[in-house]
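The values are calculated or read from the model by the stated rules, or taken from the named source; none is laboratory data. None of these values were measured; they are calculated from a predicted model. Methodologically, a virtual Cβ is constructed for each residue, glycine included, from the backbone with ideal geometry; neighbour enumeration extends over all protein chains shown.
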Amino acid sequence: MRQVKYKQLTELQKKALDVALEVLKHAYNPYSRFYVGATLISVDGELISGTNFENAAYGSAICAERAAVLRANSMGVRNFSSIAVIARGEGFDTTEVTAPCGSCRQVLYELAQISDTKLEVILATTKKDKVVIATIDELLPLGFGPLDLRIDIKKYKA
Ligand code: THU
């Protein structure tokens with residue numbers, strides 16, 4: 001896990017954060033009023049974003065990270081090198097980075113196994129004055145995955 005400056009990021013990483021910041025305005029968040037945007041970077045350099053989508057039954061809310069994964073999957077894209085996440089509140093900018101919740105870490109861990117990459121999670125404050133890069137292994141040490149079930153997920157092609 002390392003803190004970096006926005007200007008040190010690659011153009012693609014910067015673009016992923018910029019797109020995440022752009023799309024978070026579409027968050028459906030009547031309950032929390034918290035806006036989250038997530039942009040996946042595919043191994044081919046394609047950017048696919050999602051925002052959080054809440055529900056009156058609060059526990060049924062879907063985070064931006066998982067929304068992006070499901071959207072990508074429905075586009076037939078399932079191999080990623082990174083995901084960028086950025087958030088803001090209603091009337092406030094974040095002053096610390098917003099890291100994925102436990103359920104999203106588990107889904108991103110699966111994605112890392114599928115992609116056979118050390119999936120990088122790029123986190124930034126609203127103003128991008130703090131940027132942290134962590135691998136999913138750092139965010140979810142000793143994660144449970146397909147290998148626990150003796151499944152070689154790279155052979156899964158359906
Ligand atoms: N949320 C995300 O979308 N991603 C995160 O990383 C943290 C939390 C959303 C879920 C909910 O809509 C709102 O933020 C408040 O928890």
Just checking, which of Ala57, Ala20, Ala38, Ala64 is farther than 15 Å from Leu108 by Cβ and among the aliphatic types (A, V, I, L, M)? Ala57
Select from segment 106-121 the residues that are more than 15 Å from Pro146 (Cα to Cα) and surrounded by fewer than 16 Cβ atoms within 10 Å (Cβ to Cβ) and list them in ascending order. Lys118
Out of (1) within 15 Å of the ligand (Cβ to nearest atom); (2) loosely packed, with under 12 Cβ neighbours inside 10 Å, what's the single condition that is false for Ser103? (2)
Among the listed residues Ala61, Ala68, Ala57, Ala16, identify the single one that is modelled with pLDDT of 95 or more and under 28 Å from Ile151 (Cβ atoms). Ala68
Return a yes/no flag: does segment 95-102 have any residue that is farther than 23 Å from Ala61 by Cβ, of a type in the set (D, E, K, R) and free of Cβ contacts under 8 Å to residues at least 60 places away in the same chain. no
Please list, ordered by residue number, the strands (runs of 3 or more DSSP E) wholly in segment 1-88 having 2 or more residues that are within 16 Å of the ligand (Cβ to nearest atom) and under 13 Å from the mean Cα position of the chain (by Cα). 35-42, 47-51
Subset of segment 50-92 (residues that are surrounded by 21 or more Cβ atoms within 10 Å (Cβ to Cβ) and either touching a His at 6+ places or on another chain (Cβ under 9 Å) or at positive phi (or both)): Thr51
